[in-house]
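Asks: Supplied in structure tokens, the structure appears directly below.
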Amino acid sequence: MTTEPIAGSEGIALAPGLYLVATPIGNLGDITLRALDVLRRVDRIACEDTRQTQKLLNHFQISTPTVSCHEHNERQRAAELVEALKAGARVALVTDAGMPGVSDPGSWLTAAAIAAGVPVIPIPGANAALSALVASGLPTDSFYFLGFLPEKAGARRTRLEELASAARALEAAQTLILYEAPHRILETLADLEAAWGPVTRVVVARELTKMHEEFVRGTAAEVRRELAARDRIRGEITLLVEMPPKTGSPAAAHEAAAQKIAGRIAQLQSESGIDEKEALKRLARELGRSKSELYRELQRERAKRR
């Protein structure tokens with residue numbers, strides 16, 4: 001077992017080691033005081049893109065030297081940085097946005113530092129996956145972060161089919177969290193419809209923490225149609241998918257959920273003497289979903305039972 005020092009505050013010497021510093025994913029106000037303190041006091045900052053990081057450093061008037069450490073040179077750079085760390089250096093690792101090592105460079109350097117006996121200290125902060133999850137309205141007790149799906153269509157469909165199969169064995173609902181490029185999101189949603197069913201609940205979280213932050217919630221088919229109607233889809237995207245437990249198929253899970261919706265609406269009407277419209281409104285508040293989305297689900301299931 002190894003123990004590692006915690007980053008100090010102003011007036012206390014910063015311990016040698018590798019500091020994994022989270023940076024804002026859009027809004028500069030999300031930088032933490034501890035992150036700023038560390039960035040000011042390390043000997044150097046290893047950056048995914050020195051030009052991008054320099055904008056952040058300039059904004060906060062930080063003059064610490066920088067060096068590049070990206071996907072194409074991380075292994076070579078790791079050897080150089082680990083030698084400096086073994087000699088007692090204090091190095092911060094940052095990526096263009098978010099937490100280093102999460103679908104970004106950093107894992108190789110971190111592993112090399114640990115293997116060399118160098119302290120590795122995380123400096124927490126903004127993260128797109130968790131930010132999207134807590135505001136999605138999908139299950140948060142258990143989730144699976146996958147990062148990016150394969151770029152090639154065939155490999156992407158195969159991976160989604162594997163995930164759909166795995167979801168059917170779950171004991172409790174989970175949320176699958178993916179990152180996706182804006183130019184591929186429509187193809188991915190179409191593949192998701194094919195593998196999981198068009199009524200699978202999804203959320204597209206776009207441009208998190210930025211001026212045009214947006215959450216598009218609904219079924220895979222509804223969200224795909226909504227985005228397809230736009231002239232252009234821009235910004236960084238986090239895609240969240242509900243993984244219902246032991247259902248045999250996503251469509252069956254959705255039907256069961258709709259039956260629960262109908263039952264709860266009937267219960268609200270009986271208990272409070274309200275009409276269906278008001279009951280839908282109350283249930284939408286309970287579930288953190290839109291009234292129109294619940295109404296569409298209810299109508300679809302009623303139509304199937306006719």
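The values are calculated or read from the model by the stated rules, or taken from the named source; none is laboratory data. Values in this document were obtained by computation on a predicted structure and should not be read as measured data. Here the Cβ positions follow ideal geometry from the backbone for every residue, glycine too, while neighbour counts run over all protein chains shown.
Asks: Would you confirm, using the coordinates I've provided, whether THR140 is in contact (Cβ under 8 Å) with a residue 24 or more places away in the chain, surrounded by fewer than 19 Cβ atoms within 10 Å (Cβ to Cβ) and hydroxyl-bearing (Ser, Thr, Tyr)?
Replies: Judged against the criteria, THR140 is a match.
Asks: Could you give every pair whose Cβ atoms fall below 9 Å, whose first residue belongs to segment 195-209 and is touching a residue at least 60 places away in the same chain (Cβ under 8 Å) and over 11 Å from THR219 (Cα atoms), and whose second residue is of a type in the set (S, T, N, Q) and in a helix (DSSP H, G or I), counting only separations of at least 6 or pairs across chains?
Replies: Cβ pairs passing all conditions: ALA205/SER131; LEU208/SER131; THR209/SER131.
Asks: Here is a follow-up. What pairs come out if I take residues in segment 71-88 that are aromatic (Phe, Trp, Tyr) and pair them with residues that are modelled with pLDDT of 90 or more and loosely packed, with under 12 Cβ neighbours inside 10 Å whose C-beta lies under 8 Å away, six or more apart or interchain?
Replies: Note: no pairs meet the criteria.
Asks: Moving to a separate point now. Given the conditions (1) in contact with a helix residue (DSSP H, G or I) (Cβ under 6 Å, 6 or more places away or on another chain); (2) at pLDDT 75 or above; (3) small (Gly, Ala, Ser), and given that ALA258 satisfies all but one, which numbered condition is not satisfied?
Replies: (2)
Asks: Sort out which residues of segment 41-53 are more than 25 Å from the chain's Cα centre (by Cα) and in a helix (DSSP H, G or I), and write them in order of number.
Replies: Passing the criteria: only ARG41.
Asks: So in segment 170-184, with the set limited to residues that are within 14 Å of the chain's Cα centre (by Cα) and aliphatic (A, V, I, L, M), which one is surrounded by the fewest Cβ atoms within 10 Å (Cβ to Cβ)?
Replies: ALA181
Asks: So which residues in segment 58-70 are outside any helix (DSSP H, G or I) and either in contact with a Leu (Cβ under 7 Å, 6 or more places away or on another chain) or without any contact (Cβ under 8 Å) to a residue 12 or more places away in the chain (or both), if there are any at all?
Replies: Correct list: PHE60, GLN61, ILE62, SER63, THR64, CYS69.
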